[in-house]
Amino acid sequence: MTGKLVTFEGIDGSGKSTMLARLQSGNETNPLSPAGTVFTREPTKGTLTGEAVYAAIGNNVDPLAELFLFLADHAAHISKTVRPATESGKLVISDRYSDSRCAYQGATLQDTITDAFYFVRRLHEPWTIKPNLTFLFNIPPAVSCERCKDRGAQTKFERVDFLNAVMANFKILAKEEPERFVILDAEAAPEVNETIIREKIRELLNKDE
(Lines give C-alpha, C1' and ligand atoms only; values in the text may rest on other atoms or scores of the structure.)
Protein backbone atom coordinates (compact mmCIF):
# COMPACT_ATOMS: atom_id res chain seq x y z
CA MET A 1 0.00 0.00 0.00
CA THR A 2 1.59 3.28 -1.10
CA GLY A 3 0.60 6.66 0.27
CA LYS A 4 0.97 10.07 -1.37
CA LEU A 5 3.20 13.05 -0.74
CA VAL A 6 1.74 16.54 -1.15
CA THR A 7 3.86 19.65 -0.65
CA PHE A 8 3.16 23.34 -0.10
CA GLU A 9 5.69 25.72 -1.63
CA GLY A 10 6.08 29.47 -1.97
CA ILE A 11 8.01 32.42 -0.64
CA ASP A 12 7.83 33.60 2.98
CA GLY A 13 4.51 35.17 3.90
CA SER A 14 2.53 33.44 1.18
CA GLY A 15 0.16 31.69 3.59
CA LYS A 16 1.41 28.09 3.39
CA SER A 17 1.61 27.55 7.14
CA THR A 18 -1.80 29.14 7.69
CA MET A 19 -3.34 26.80 5.12
CA LEU A 20 -1.64 23.78 6.66
CA ALA A 21 -3.13 24.74 10.03
CA ARG A 22 -6.60 25.09 8.47
CA LEU A 23 -6.38 21.65 6.91
CA GLN A 24 -5.03 20.11 10.09
CA SER A 25 -7.72 21.62 12.31
CA GLY A 26 -10.46 20.36 9.99
CA ASN A 27 -8.99 16.93 9.42
CA GLU A 28 -10.81 15.22 12.30
CA THR A 29 -14.28 16.14 11.03
CA ASN A 30 -13.41 16.15 7.32
CA PRO A 31 -10.47 13.75 6.82
CA LEU A 32 -8.25 14.35 3.82
CA SER A 33 -7.38 10.67 3.50
CA PRO A 34 -9.17 7.56 4.80
CA ALA A 35 -5.77 5.99 5.55
CA GLY A 36 -4.72 8.94 7.69
CA THR A 37 -2.79 12.16 7.13
CA VAL A 38 0.61 13.20 8.44
CA PHE A 39 1.27 16.95 8.61
CA THR A 40 4.93 17.91 8.61
CA ARG A 41 7.39 20.59 7.54
CA GLU A 42 10.94 21.46 6.50
CA PRO A 43 13.14 22.49 8.16
CA THR A 44 11.99 20.00 10.75
CA LYS A 45 11.21 21.15 14.28
CA GLY A 46 12.80 19.77 17.43
CA THR A 47 15.32 17.57 15.61
CA LEU A 48 19.12 17.70 15.57
CA THR A 49 19.26 18.46 11.85
CA GLY A 50 16.36 20.91 11.86
CA GLU A 51 17.71 22.93 14.76
CA ALA A 52 21.11 23.07 13.01
CA VAL A 53 19.37 24.62 9.99
CA TYR A 54 17.59 27.24 12.10
CA ALA A 55 20.86 28.07 13.85
CA ALA A 56 22.59 28.45 10.48
CA ILE A 57 19.88 30.80 9.21
CA GLY A 58 20.20 32.94 12.31
CA ASN A 59 23.99 33.11 12.18
CA ASN A 60 24.61 33.85 8.49
CA VAL A 61 26.49 30.63 7.84
CA ASP A 62 28.27 30.29 4.50
CA PRO A 63 25.53 29.60 1.89
CA LEU A 64 27.14 26.38 0.65
CA ALA A 65 27.47 25.03 4.20
CA GLU A 66 23.87 26.08 4.80
CA LEU A 67 22.74 24.13 1.73
CA PHE A 68 24.28 20.91 3.02
CA LEU A 69 22.65 21.39 6.42
CA PHE A 70 19.31 21.69 4.63
CA LEU A 71 20.10 18.52 2.68
CA ALA A 72 20.95 16.64 5.89
CA ASP A 73 17.64 17.71 7.40
CA HIS A 74 15.81 16.68 4.23
CA ALA A 75 17.41 13.22 4.37
CA ALA A 76 16.45 12.80 8.03
CA HIS A 77 12.92 14.01 7.31
CA ILE A 78 12.50 11.42 4.57
CA SER A 79 13.86 8.53 6.61
CA LYS A 80 12.01 9.34 9.84
CA THR A 81 8.71 10.73 8.58
CA VAL A 82 7.99 10.73 4.85
CA ARG A 83 9.03 7.21 3.89
CA PRO A 84 7.45 5.40 6.89
CA ALA A 85 4.17 7.27 6.44
CA THR A 86 3.86 6.78 2.68
CA GLU A 87 4.88 3.12 2.94
CA SER A 88 2.03 2.60 5.39
CA GLY A 89 -0.41 4.15 2.91
CA LYS A 90 -0.85 7.54 4.57
CA LEU A 91 -1.11 10.95 2.97
CA VAL A 92 1.81 13.21 3.87
CA ILE A 93 1.44 17.00 3.58
CA SER A 94 4.66 18.96 4.02
CA ASP A 95 5.04 22.70 4.47
CA ARG A 96 8.16 23.11 2.28
CA TYR A 97 10.20 20.29 0.79
CA SER A 98 12.97 19.88 -1.80
CA ASP A 99 11.60 22.53 -4.17
CA SER A 100 12.28 25.19 -1.54
CA ARG A 101 15.93 24.21 -1.63
CA CYS A 102 16.08 24.65 -5.40
CA ALA A 103 14.34 28.02 -5.15
CA TYR A 104 16.02 29.50 -2.07
CA GLN A 105 19.49 27.98 -2.13
CA GLY A 106 19.51 28.30 -5.91
CA ALA A 107 19.15 32.04 -5.27
CA THR A 108 21.65 32.32 -2.41
CA LEU A 109 24.31 30.50 -4.44
CA GLN A 110 23.68 32.14 -7.81
CA ASP A 111 26.78 34.35 -7.49
CA THR A 112 28.93 31.50 -6.18
CA ILE A 113 28.11 28.47 -8.33
CA THR A 114 27.37 28.35 -12.05
CA ASP A 115 23.76 27.28 -12.70
CA ALA A 116 23.15 27.07 -8.93
CA PHE A 117 19.46 26.25 -9.36
CA TYR A 118 20.22 23.11 -11.40
CA PHE A 119 23.19 22.24 -9.19
CA VAL A 120 20.90 22.12 -6.15
CA ARG A 121 18.25 20.15 -8.00
CA ARG A 122 20.77 17.53 -9.18
CA LEU A 123 21.94 17.01 -5.58
CA HIS A 124 18.44 15.80 -4.69
CA GLU A 125 17.65 13.61 -7.69
CA PRO A 126 19.35 10.30 -6.77
CA TRP A 127 17.69 9.87 -3.39
CA THR A 128 14.77 12.17 -2.58
CA ILE A 129 11.13 11.05 -2.67
CA LYS A 130 9.41 13.15 -5.30
CA PRO A 131 6.06 14.74 -4.37
CA ASN A 132 2.93 13.51 -6.14
CA LEU A 133 1.38 16.97 -5.98
CA THR A 134 2.74 20.43 -5.18
CA PHE A 135 0.75 23.58 -4.43
CA LEU A 136 2.68 26.76 -5.24
CA PHE A 137 1.35 29.78 -3.35
CA ASN A 138 1.91 32.63 -5.79
CA ILE A 139 2.26 36.10 -4.29
CA PRO A 140 4.11 39.30 -5.25
CA PRO A 141 7.31 39.56 -3.15
CA ALA A 142 6.41 43.11 -2.05
CA VAL A 143 3.13 41.84 -0.57
CA SER A 144 4.95 38.93 1.03
CA CYS A 145 7.44 41.23 2.75
CA GLU A 146 4.64 43.40 4.12
CA ARG A 147 3.02 40.31 5.60
CA CYS A 148 6.34 39.26 7.14
CA LYS A 149 6.70 42.66 8.82
CA ASP A 150 3.26 42.26 10.35
CA ARG A 151 4.13 38.93 11.95
CA GLY A 152 7.24 40.20 13.76
CA ALA A 153 10.80 38.90 13.45
CA GLN A 154 12.09 38.56 9.90
CA THR A 155 14.77 36.28 8.51
CA LYS A 156 17.58 37.23 6.15
CA PHE A 157 15.53 35.72 3.29
CA GLU A 158 12.67 38.22 3.59
CA ARG A 159 13.87 40.91 1.15
CA VAL A 160 12.01 41.88 -2.01
CA ASP A 161 15.03 41.63 -4.33
CA PHE A 162 15.97 38.21 -3.01
CA LEU A 163 12.39 36.91 -3.05
CA ASN A 164 12.01 37.99 -6.68
CA ALA A 165 14.84 35.57 -7.53
CA VAL A 166 13.30 32.85 -5.36
CA MET A 167 9.87 33.24 -6.94
CA ALA A 168 11.44 33.07 -10.41
CA ASN A 169 13.03 29.74 -9.45
CA PHE A 170 9.71 28.38 -8.18
CA LYS A 171 8.11 29.32 -11.49
CA ILE A 172 10.83 27.48 -13.41
CA LEU A 173 9.99 24.36 -11.44
CA ALA A 174 6.26 24.78 -12.10
CA LYS A 175 6.85 25.33 -15.81
CA GLU A 176 9.06 22.25 -16.12
CA GLU A 177 6.62 20.00 -14.19
CA PRO A 178 3.12 21.33 -14.88
CA GLU A 179 1.57 17.91 -14.18
CA ARG A 180 2.77 18.11 -10.55
CA PHE A 181 2.21 21.78 -9.74
CA VAL A 182 -1.02 23.60 -8.95
CA ILE A 183 -0.48 27.38 -8.77
CA LEU A 184 -2.68 29.13 -6.21
CA ASP A 185 -3.44 32.83 -5.86
CA ALA A 186 -2.06 33.46 -2.37
CA GLU A 187 -4.01 36.73 -2.14
CA ALA A 188 -7.33 34.91 -2.55
CA ALA A 189 -9.56 34.16 0.43
CA PRO A 190 -8.22 31.16 2.41
CA GLU A 191 -11.48 29.25 2.02
CA VAL A 192 -11.18 29.52 -1.78
CA ASN A 193 -7.74 27.95 -1.81
CA GLU A 194 -8.74 25.36 0.79
CA THR A 195 -11.54 24.19 -1.51
CA ILE A 196 -9.13 23.89 -4.44
CA ILE A 197 -6.57 22.01 -2.34
CA ARG A 198 -9.11 19.54 -0.96
CA GLU A 199 -10.48 18.85 -4.44
CA LYS A 200 -7.03 18.28 -5.97
CA ILE A 201 -6.01 15.98 -3.11
CA ARG A 202 -9.25 14.05 -3.55
CA GLU A 203 -8.49 13.65 -7.27
CA LEU A 204 -4.97 12.43 -6.46
CA LEU A 205 -6.18 9.82 -3.99
CA ASN A 206 -8.94 8.62 -6.32
CA LYS A 207 -6.50 7.91 -9.16
CA ASP A 208 -5.50 4.60 -7.59
CA GLU A 209 -9.04 3.43 -6.88
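Near PHE68: Cβ cut-off under 13 Å, other residues only, Lys/Arg at +1 and Asp/Glu at -1. The net charge is -2. For the chain, the tally of Lys pairs with Cα-Cα distances below 13 Å comes to 5, considering only residues 8 or more apart or on different chains. Dividing the Cα radius of gyration of the stretch 18-103 by 2.2 N^0.38 Å, with N the residue count, gives 1.21. The residues of the chain present an accessible area of 48 Å² per residue when probed at 1.4 Å with all protein chains retained. Here the simple spin-label model places points 7 Å from the Cα toward Cβ, and for GLU176 and ARG159 these points are separated by 2.6 nm. Taking 7 Å steps out from each Cα toward its Cβ at GLU51 and THR18 produces label points 3.1 nm apart.
Using a simple spin-label model with pseudo-atoms 7 Å out from Cα toward Cβ, TRP127 and LYS80 lie 1.6 nm apart. Here the accessible area of the chain is 53 percent carbon and sulfur, with a 1.4 angstrom probe and all protein chains present.
Geometric descriptor of the chain, per residue, is 121 Å³ (volume of the convex hull of the Cα atoms). The ratio of the alpha-carbon radius of gyration of the stretch 1-57 to the globular-protein estimate 2.2 N^0.38 Å is 1.34. From the Cα gyration tensor of the stretch 41-151, with a ≥ b ≥ c the square roots of its eigenvalues, which class applies: rounded if a/c is under 1.5, or else prolate if a/b is larger than b/c, or else oblate? Here the stretch 41-151 falls in the rounded category.
The values are calculated or read from the model by the stated rules, or taken from the named source; none is laboratory data. Values in this document were obtained by computation on a predicted structure and should not be read as measured data. So basically every Cβ, Gly included, is an ideal-geometry build from the backbone, and we count neighbours across all protein chains shown. Heads up: the accessible areas ignore ligands, DNA and RNA and are worked out on the full protein's heavy atoms, side chains in. Shrake-Rupley method; radii C 1.70, N 1.55, O 1.52, S 1.80 Å.
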